[in-house]
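Notes follow once the structure below has been shown.
Read-outs: derived from the displayed coordinates by stated rules, not from any lab. Nothing here was measured: the structure is a model prediction, and the numbers come from that model. Reconstructed Cβ throughout: ideal geometry from the backbone, glycine too, with neighbour counts over all protein chains shown.
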Amino acid sequence: MKRVRVTDILEKAICLLVMFLVLFPFLWMVSMSFKTDAEIMSFPPTFFPKEFTMKHMIAIWDRIPLMTYIKNTVIFAVGVAFVSVMIDSLAGYAFARMRFKGRDRIFGLILLTMMVPFQITMIPLYIETYKLGILNTFVGMILPRAATAYGIFFMRSFFLGLPVDLEEAARIDGLNELGIYLKIMLPLCKSAFITLFIFVLMGNWNDLLYPMMMTSSTNMRTLPAGLAMFVGEGLTEVGPSMAGAFISMLPLFVLYCFAQKYFVQGIAVSGMKG
Amino acid sequence: MKEKKFSNIRSYWNRPNHAAYLFIAPAIFIIVLFVIVPLVSSFVISLTDMDIFMRDIKFIGMKNFLKSFKEERVWNAFLNTFKYVIISVPIQVGMSLVLAFWLYQSNPFSKAMRSVYFIPVICSFASLGIMFKMFFGSAVGYFPYLVSLITKNGVPSFWTDVRYAFPLIIFISVWKKFGQTLIILVAGINSISETYYEAARIDGASRKQIFAYITIPMLWPTLSFVIVTTLIGAMQVFDVVFVTTGGGPLNSTETIVQYIYSRGFGNTYDLGYASALSVELFVVIAVFTLLTRRYTDKKIEENT
């Protein structure tokens, strides 16, 4: 009995150590963004600031176009999440609950596209959006991501789980197919909607390569693309850099605090398709 | 007359088996236009000498591929990518597996740990890159300072040292992603029926035995998914390198996607050549995936 308790304590200690390793860099970053320049450079370094300053928190907004980045990221990520949830749920609903010719073959083909790595479609995608004249626009950034195989798969699994003869009654009542989808099905899948919305939102909010490639001017850059561009160039001062990194993490972090369940659900379900 | 025709069209599309095509049409349109067409074009572009101006494009056959086989930087980038995969995937999956077994229950302690471990997952590599560049940097970094306290050899400069830059990159990416793997594995463990555990407990099995003889075998379908997706993701590693070292020092951390990006969009604009490299990566990923799947499928079969 006693041996079990020793290993128990050891397990908990390791978990706490991992937690410490996860939090430590964040705490250091937050602390650095409130330190004075003199204290940042002092040796030996302090961990907690002796003197608080808001200087860097204010300076970063002039140093890089942070506000533009935030605005662009919101339009891009929320736009993609909104549109793709609509399109994916329509398709997912059809694949789950309607019978039509070629259904399983088409669905199989869509699942196959999940295996296609982004890098191989990257260059043609760039040329395609350029030829369509939508490169470096929000439409050009949102449209290619407006439907995802994973989203369709996710919504299909959800609709498959609903009771079988839900729509039969509505059909007898004379509701058309779109009506059934809008009036009967949508109200039932609110939580699946939010989960997929957050999953897509997080993926696109944090994505780097895609928005970097699809935008060519500073005023179209998203947060990750903009920040990454500044790492090498202008932004070498420690205080504003840390403040910028900190501020850019805040929006999703705040959302995570309120909607943790949905963040986790989207990831957890992804494992069920294996 | 007109109205009658209209109602005919409506009733045609109202039949469930016809309406379905309208329901899937937008998704199919997007996927064909932005995944399937680019996928096919990629193979075509890789056979040309296309650059960013897209004028006077000539078919040059396999020349891009032959050129890439002789280029040392391509080999270096592929080798670095393999190194990254072989080291980071087992660490990430192994660590998450052990933590998942300790933390799969829904008591306050486990929940709190899982919530904290997930925080890096919601942060972008771009912001984490800025943070870690400074945290591990020699100028103001806290970690080099801690190391200097132990070694008493002065503050080391990790990012510019070919021996340390690569391990740091692996640390950062495992640090960011293990929380995600953990969540998937916890969901997998919780979907194992409680009756198996009860039977094992009645037989007097220890926790270690339960882990080895019940959890792992029953978890193989989830584990298979986690290994394959982590592996595919690791083959495509880009963000973490781009925002920390940019491939340096001396190309010691340059991965294949990083090199594709710099050939296609960074320093030069050889779209044809970059496409050829991405086709090569595609083939490598497909082979890796097939081999891994064959192994994990065998495991799943053995255990069911």
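Quick notes on this structure:
- Hz values of 3J(HN,Hα) by residue in region B:119-129 - Karplus curve (6.51, -1.76, 1.60), Gly and Pro given as x: 4, x, 5, 7, 8, 7, 4, 4, 6, 5, x
- In a simple Cβ point-charge model (Lys, Arg +1; Asp, Glu -1; nothing else charged), chain A has a dipole of about 600 debye relative to its Cα centre.
- Prolate/oblate/rounded label for the protein assembly as shown (Cα gyration tensor, a/c 1.5): oblate
- For B:T48, distant residues with modelled amide H under 5 Å away: B:I60
- Charge dipole (chain A, unit charges on Cβ, about Cα centre) - positive-most of A:L10, A:G79, A:S248: A:L10
- Annotation note: trypsin sites (Lys or Arg not before Pro) in region B:123-166 located in DSSP loop regions with a Cβ neighbour count of at most 14 within 10 Å are B:K152, B:R163.
- As a size descriptor, the averaged projected area of the C-alpha convex hull of region B:43-115 was calculated at 8.7 nm².
- Chain A, relative contact order [Cα under 8 Å, separation at least 6], %: 31
- Chain A: C-alpha gyration tensor shape, a/c 1.5 cut-off, then a/b vs b/c: oblate
- 10 Å Cβ neighbours from other chains, averaged over peptide A:90-102: 5
- Summarising the overall dimensions of region B:99-188 from its C-alpha atoms, the Rg and Dmax are 16.2, 47 angstrom.
- Principal axis dimensions, chain B - Cα atoms, whole angstrom, descending: 85, 59, 38
- Averaged over peptide A:49-56, the number of partner chain Cβ atoms lying within 10 Å of each residue's Cβ comes to 0.
- Semi-axes of the equivalent ellipsoid of region A:44-173 are 43, 22, 15 Å, computed as sqrt(5λ) over the eigenvalues of the C-alpha gyration tensor in descending order.
- Partner shielding of A:250-259 amounts to 2, given as the average count of beta-carbon atoms from other chains within 10 Å of each residue beta-carbon.
- For the options B:L22, B:L33, B:L185, a Gaussian network treatment of chain B with springs between C-alpha atoms closer than 10 Å singles out B:L22 as fluctuating the most.
- Over all pairs of different C-alpha atoms, region A:2-53 has a mean inverse distance whose reciprocal, the Kirkwood radius, equals 13.2 Å.
- In terms of distances greater than 30 angstrom between alpha carbons, the cross-link table entries B:K133/B:K208; A:K71/A:K131; A:K190/B:K177; A:K35/A:K71; A:K55/A:K261; A:K35/A:K261 yield B:K133/B:K208; A:K55/A:K261; A:K35/A:K261.
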